[in-house]
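The structure under discussion appears below in the form of structure tokens.
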């Protein structure tokens, strides 16, 4: 047992994801009764709880209203970038926090590991744990939100150095869970009934997902990171809040009527238009793993696979086996079956793009939609079982057998099982 590893994982977790389920289950309770709903759906409740918990360890999808107006399609990008690294044939990545990048010794060890193994990609935080921008931003509109200490330093210097090592760079950008922008602009924060800023069970503030000001701020950070050498921007916490007292929540911008997945669809299309179509920036998104298994519900947070697929290059569902409930698909402890859980989720998820393409094919003359490929987050941390090299490797095999375009390893402490990785060239 790696105790330092385990301590870092446990410190970062909470178990409040049941709030997602509670909001979605209320109409069923009224119709069928509480006991029946609990009996039928307890495995799903457990899944929500575990799936939401993974977010707490991270250092960390229109409406007729103008705020939600869809952005029209653009046929060609107005700017084309040729200074990026090409996407690896198979993305094989690990996550590192901004703080780790700032620690010379630790980061050097990770770079050394990359040089000795099959890893070809780094996912690097663009914000710190206080949601402050973790690099020395050059744009004047971003400087007020920059951390006093910037572990990433000047991004062009960092990206040039890492590109020389042959590393594909993904900038991870948390969006709606944000402490800094919400404190400086409380008018865009999710409010509490009775006044003040609403906070989740961990004391974290959230931004209103319908706020155009928040959308523009997010794009500004992504633009600078991409212009400074990042090959791809990955969006996280790209959803409505869930793990808190939902009865006490109040939205000043979101109208509480538009389906949440439609609000997210508008935001996804905005990112697509501003970044992919106008500036040729590759973009990806992290989603709850459950989007691969159930395809019609947005879990009361706005996430649906069919809504996200047309707007991104890559989608990374967090299909950590430890976050599926006892009894999931017949497994008493899903964490003990890393290959089966991930493979089945990826195969089931393939139903969604197939359906979208089939629907498009029914309209002659309509161009087939460009859909994202799946590139899952998989776990390299102990939860539900000890995740040794064999279990990590089983997830990698399941990802590739399940048709993924690559895989990303998550460990909040950035401590990885090198013995699970193939040797580099």
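The values are calculated or read from the model by the stated rules, or taken from the named source; none is laboratory data. Note that the coordinates shown come from a computational prediction; the quantities given were computed from them, not determined experimentally. For neighbour counting, all protein chains shown are included, and Cβ atoms are generated from backbone atoms with ideal geometry for every residue, glycine included.
For residue 264, only one of the following conditions fails: (1) buried (at least 24 other Cβ atoms within 10 Å of the Cβ); (2) touching a strand residue (DSSP E or B) at 6+ places or on another chain (Cβ under 9 Å). What is its number?
(2)
At pLDDT 95 or above, closer than 20 Å to residue 219 by Cα and not in a helix (DSSP H, G or I): which single residue out of 87, 123, 94 fits that description?
Result of the check over 87, 123, 94: 123.
Which members of the stretch 225-238 meet the condition of being on the phi < 0 side of the Ramachandran plot and surrounded by 20 or more Cβ atoms within 10 Å (Cβ to Cβ)?
225, 226, 228, 230, 231, 232, 233, 234, 235, 236, 238
Residues in the stretch 133-148: is at least one under 28 Å from residue 418 (Cα atoms), touching a helix residue (DSSP H, G or I) at 6+ places or on another chain (Cβ under 7 Å) and surrounded by 13 or more Cβ atoms within 10 Å (Cβ to Cβ)?
The answer is yes, given that some residue of the stretch 133-148 is under 28 Å from residue 418 (Cα atoms), touching a helix residue (DSSP H, G or I) at 6+ places or on another chain (Cβ under 7 Å) and surrounded by 13 or more Cβ atoms within 10 Å (Cβ to Cβ).
Tell me, which helices (runs of 4 or more DSSP H) lie completely within the stretch 290-403 with 1 or more residues that are more than 16 Å from the chain's Cα centre (by Cα) and within 28 Å of residue 414 (Cβ to Cβ)?
Working: elements: 305-308, 338-349, 351-361, 389-401.
Filter on the stretch 290-403 gives 338-349, 389-401.
Filter the stretch 278-289 for residues that are in a helix (DSSP H, G or I) and under 17 Å from residue 225 (Cα atoms) and give the result.
Those that are in a helix (DSSP H, G or I) and under 17 Å from residue 225 (Cα atoms): 278, 279.
When you scan the stretch 359-371, do you find a residue that is on the phi > 0 side of the Ramachandran plot and modelled with pLDDT under 95, even just one?
The first filter runs over the stretch 359-371 and keeps only residues on the phi > 0 side of the Ramachandran plot, leaving 365.
With the extra rule that they be modelled with pLDDT under 95, the set shrinks to 365.
Yes - at least one qualifying residue is present in the stretch 359-371.
For the condition more than 23 Å from the chain's Cα centre (by Cα) and not in a loop (DSSP other than H, G, I, E, B), what is the one hit in 156, 148?
Within the list 156, 148, the selection yields 156.
So residue 274 clears everything in (1) more than 30 Å from residue 136 (Cα to Cα); (2) surrounded by fewer than 24 Cβ atoms within 10 Å (Cβ to Cβ); (3) touching a helix residue (DSSP H, G or I) at 6+ places or on another chain (Cβ under 7 Å) except one condition, right? Which one?
Just one mismatch for residue 274, condition (1).
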